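Below you'll find the structure, written out as structure tokens, and then a few comments.
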Amino acid sequence: MDDKANLLAFDLAAATAHLSMADSALAKLIAEMRPFDPGIDHTQSPYEALMEAIVYQSISGKAAATIFERVKALSGFGNDGVASGAKHARTLAGTELAGKVSGNGRVPTPVEVLKLTKRQLRKAGLSGAKILAMRDLAQKTIDGIVPTHDEALKLSDNELVERLDSVRGIGRWTVEMFLIFRLGRPDVLPIHDLGVQKGWSVAYGKRHMPRPKELEKFGERWRPYRTVASWYMWRAFEKAGYATTNKIKKPQIKRKIRIKIKRVKIVVRKKVAKKKA
């Protein structure tokens, strides 16, 4: 655990001590759950991490892993679809790939992605939307909008969100996951993440999920270590299990909004009644 903690960009012991002092419910989670470990991979560039994120969007992990292997197998392809010195290969699912592959185990470079045809990318299992997203990611990497790993380390969280959120198909949540699990930033709170929301409901004995703004306001007590607090919300969600978390209701509508909706319904009913009369 100490070796992993030493890889972090912040003092984990100081973070957990701060959070335990600031929040008794969180202190209990920290004492009971496994230690914070985001499994940071410093070998993966922002471009590679975001390409993987695009492939994994909206499909099961197993299917995404297979498609991602097919995408990596396309690295080294020329315009004719054949890599120099390549060999036949199969995906993780055992399906033989069309053409030949380089077998170097890396994702295609931005230049290679832009040279790949839509047909090649479709055969790898990518949807039209993901192909457009990958090409936009490749172009923005070439243009310098998507930074290198070393450049990313020097940019603030907000600067990275602004840059990476501009890539087609990449939203704020994906950038937040990148900040946590690739850069190890200490103060990220994914207020729209379902696991964090439901984990919060479990940890604080709530029947409803918090509204994003409500969670953001509550999380002020966790600064400057909201990443670590989010981690423990995920652990609370996991420990509770789906049988419990599926019973957690959607965020409550504010009283003012409920009153407004009620008034609108009354007006509509009166208009309908007047027409019938």
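Only the coordinates and a few stated rules stand behind these numbers; no lab work does. None of these values were measured; they are calculated from a predicted model. Counting neighbours? That spans all protein chains shown, and the Cβs are built from the backbone with ideal geometry, glycine included.
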- Environment charge of residue 144, counting only residues whose C-beta is closer than 12 Å and scoring Lys/Arg +1, Asp/Glu -1: 0
- Hey, can you grab everything whose amide H is under 5 Å from the amide H of residue 208? Only 5+ residues off in sequence or another chain; H modelled, so Pro and N-termini drop out. 249
